[in-house]
Amino acid sequence: MKMRKTLLAIWSTIATLLFVTSAQPTAYGLEFPMTTRLVLPDAPAGTALLVVAPSSAKAVSASLTSAFDSRRTVFSNEIALVSVMSRTVEAARQPLGAKRFAKEMMATEYGWDEEQYKCLNRLWTKESNWNYQARNPRSGAHGIAQALPASKMEKVGTDWRTNPITQIQWGLLYVSERYDTPCAAWKKFRRSNFY
């Protein structure tokens, strides 16, 4: 039994060293080649063949959690996607980054054009000035889209208090479901000072 623990410790150390030595230093920290695989200790043989690399941020998060729970293979592209999402969230903490993310999501997820973005920009500039920490002390509305009640954003994610991406995703979904387009929401806001 002691020999098995010793071999496992040696194997773990070697695997960690191989994994870390394959990294390349960059301005953002360490980057790993896309072919790098990390097989966690006690992983059953052949597990890597069963792994399908996820394509979305939610799938990556679930895959990483599952990988660490089941001690199986974690691909470097999963780690890279988490890193990219982390940078996107950090950029969106500033109004310019939030606007960029919203504009890109509007085009890719909803097919809305530049005119719709202009309406959304006017609407959310009036509501929160694109500040993810904005809170209306009278009503309790919160975030970039000024959700009321703020807990409605849990429909998209439980991190709505601190994650501007979650707020933007919820806000665009709300606009789509309630008004069809940002310009329709902006028109309603101009009539009644809320949407």
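Nothing in this text is a laboratory measurement; each read-out follows from the coordinates by a stated rule. Quantities reported herein were computed from a predicted structural model and do not represent experimental measurements. With ideal geometry, Cβ positions are generated from the backbone for all residues, glycine too; neighbour counts draw on all protein chains shown.
Which lysines have a Cα lying under 30 Å from the Cα of LYS188, excluding residues fewer than 8 positions away in the same chain?
LYS99, LYS103, LYS118, LYS126, LYS152, LYS155
In what sequence, highest mean first, do 104-113, 157-166 appear when ranked by Cβ atoms within 10 angstrom?
157-166, 104-113
Quick one: which residues, 5+ away or cross-chain, put their amide H under 5 Å from the amide H of ALA147? H built at 1.01 Å from N.
Excluding prolines and chain starts, which carry no amide H, the hits are HIS142.
So for LEU148, LEU96, fewest C-beta neighbours within 10 Å to most, what's the order?
LEU96, LEU148
If you place +1 on the Cβ of every Lys and Arg and -1 on the Cβ of every Asp and Glu, how big does the dipole about the Cα centre of the range 109-149 come out, in debye to the nearest 20?
Charge dipole, the range 109-149, about its Cα centre: 360 debye, nearest 20.
Sorted from fewest to most neighbouring beta carbons within 10 Å, what does the list SER12, SER128, SER176, SER192 look like?
Going from least to most buried by this count: SER192, SER12, SER176, SER128.
Give me the number: length gained by fully extending THR108 to PHE194, i.e. 0.36 nm times residue separation minus the C-alpha to C-alpha distance, one decimal in nm.
28.3 nm
Calculate, in nm to one decimal, what ALA9 and ARG138 gain on full extension: separation in residues at 0.36 nm each, minus their alpha carbon distance.
40.6 nm
For the range 129-144, in order, what is each residue's ³J(HN,Hα) by Karplus, 6.51 cos²θ - 1.76 cosθ + 1.60 with θ = phi - 60°, in whole Hz (x at glycine and Pro)?
Using θ = phi - 60°, the values come out as 6, 6, 9, 5, 9, 4, 9, 7, x, 7, 9, x, 4, 9, x, 4 Hz.
Ordered by residue, what ³J(HN,Hα) values in Hz, to whole numbers, does the range 155-171 give under the Karplus form 6.51 cos²θ - 1.76 cosθ + 1.60, where θ = phi - 60° and Gly and Pro are x?
Using θ = phi - 60°, the values come out as 4, 9, x, 7, 8, 4, 5, 10, 10, x, 5, 4, 5, 5, 4, 5, x Hz.
Which of rounded, prolate, oblate describes the range 92-195, given a ≥ b ≥ c as roots of the alpha-carbon gyration tensor eigenvalues and a/c under 1.5 marking rounded, otherwise prolate only if a/b is larger than b/c?
In terms of gyration-tensor shape, rounded.
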